[in-house]
Amino acid sequence: MTSLTTLLGIELPIIQAPMAGAQDSALAIAVSNAGGLGSLPAAMLDANALRKELATIAAQTTRPYNVNFFCHTPPAPDPAREARWREALAPFYAEFGIAAAGVPAGAGRRPFNAEMADVLAEFRPRVLSFHFGLPSAELLARVKAWGAIVVSSATTLDEARWLEQHGADVIVAQGLEAGGHRGMFLTRDLSTQVGTFALLPQMVRAVRVPVVAAGGIADAAGVAAALALGASGVQAGTAYLLTPEATISAVHRSALQAGGTHTALTNLFSGGPARGMVNRVMRELGPISDAAPDFPLATPAIAPLRAAAERQGSGDFSPLWSGQNASGCRAVPAAEITRGLAEGL
């Protein structure tokens, strides 16, 4: 615990998971000001939006914070697979009166690049975290040159060892319970994914850098259990989703408040496996579909269905991201969630 808090310059060994599409700078600011490490997800931001968010953070906290990016390799467009995906969604388009021909293709999420590094250089955040591996050696050296601490997620021991060998200063052990996108990057085999408390002690033994536990941790007892198994800290995301600082949709908020506990890994919303609450489209197409284009190319085709359903008050086509343990979700300020997780430490 001491090594992580000292390394990151924080008071509490609590990292708020960066949740693209579910938050902005407000949540990061609240957690950092409460003594944890607030995180800003940047994978869905352009350079101007990132600069604006970082300026907001700089104006409202002097505490360390984390900025998170994706490191995926953008796939080449596959017209045949895109056509199969549109065909799978065609009955839903017809139901909502959506003209499929007018739905654009594209990505919606971008990997870390030199342009984003230029923006970061203006602010020099204390911590940078990455999902799906690490950026190029050149970009990594650039951010480390200003003293940034580099964090990345691993879902297997092989990924943890790879991250340590390639320059990660802290590794997040992302268990199968965790909500949102899997951080897996050395394999696409979902059978390699295991639970947090099975993965954590093995990873602690496998690497020398601090390991942070993520997945299924919703209260102080879970934090204490992770620390007892060798974690240097914990990363929590789902517990923050009902806070006023979160920006989730009304249908997402309602589903969490209703106690939705049935979650599954699905690739329907982005093309990459991510954990969310089971809804109509996941039931009818199956949570994993071979028709869905590779991450992140599946998103544009399903986006108009999400918008149309949400206008009717339905989350049937929305990515209702949540971990397996949503028991810590409460509609209270993020600072209270942060202090509750650290209670008794």
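The values are calculated or read from the model by the stated rules, or taken from the named source; none is laboratory data. This is a predicted model, so every value here is computed, not measured. Here Cβ is always computed from backbone atoms with ideal geometry, including for glycine, and neighbour counts include all displayed protein chains. Just so you know, the surface numbers come from the protein's heavy atoms only, side chains and all, with ligands and any DNA or RNA stripped out. Shrake-Rupley method; radii C 1.70, N 1.55, O 1.52, S 1.80 Å.
Say whether the condition of being under 14 Å from residue 251 (Cβ atoms) and open to solvent by 30 Å² or more (accessible area, probe 1.4 Å) is met by at least one residue in segment 286-304. Reasoning before the result, please.
Our first condition is that a residue be under 14 Å from residue 251 (Cβ atoms); within segment 286-304, this holds for none.
No, segment 286-304 contains no residue that is under 14 Å from residue 251 (Cβ atoms) and open to solvent by 30 Å² or more (accessible area, probe 1.4 Å).
Taking residues in segment 291-314 that are closer than 16 Å to residue 96 by Cα, and partners anywhere that are part of a helix (DSSP H, G or I), the pairs with Cβ atoms closer than 6 Å and at least 6 places apart or on different chains are 301/85; 301/86; 301/89; 305/92; 308/96; 310/251.
No other residue among 318, 270 is closer than 23 Å to residue 77 by Cβ, open to solvent by less than 20 Å² (accessible area, probe 1.4 Å) and under 20 Å from the mean Cα position of the chain (by Cα) apart from 270.
Taken over segment 80-125, residues that are over 28 Å from the mean Cα position of the chain (by Cα), assigned to a helix (DSSP H, G or I) and either within 13 Å of residue 43 (Cα to Cα) or of a type outside the set (D, E, K, R) (or both) amount to 10. Picking from residues in segment 148-176 that are of a type in the set (S, T, N, Q) and buried (at least 24 other Cβ atoms within 10 Å of the Cβ), the one that is farthest from residue 127 (Cα to Cα) is 155. Residues that are over 22 Å from residue 27 (Cα atoms) and outside any loop (DSSP other than H, G, I, E, B) within segment 242-276 comprise 263, 264, 265, 266, listed in sequence order. The number of residues in segment 315-345 being of a type in the set (Asp, Glu) and either without any contact (Cβ under 8 Å) to a residue 24 or more places away in the chain or not in a loop (DSSP other than H, G, I, E, B) (or both) comes to 1.
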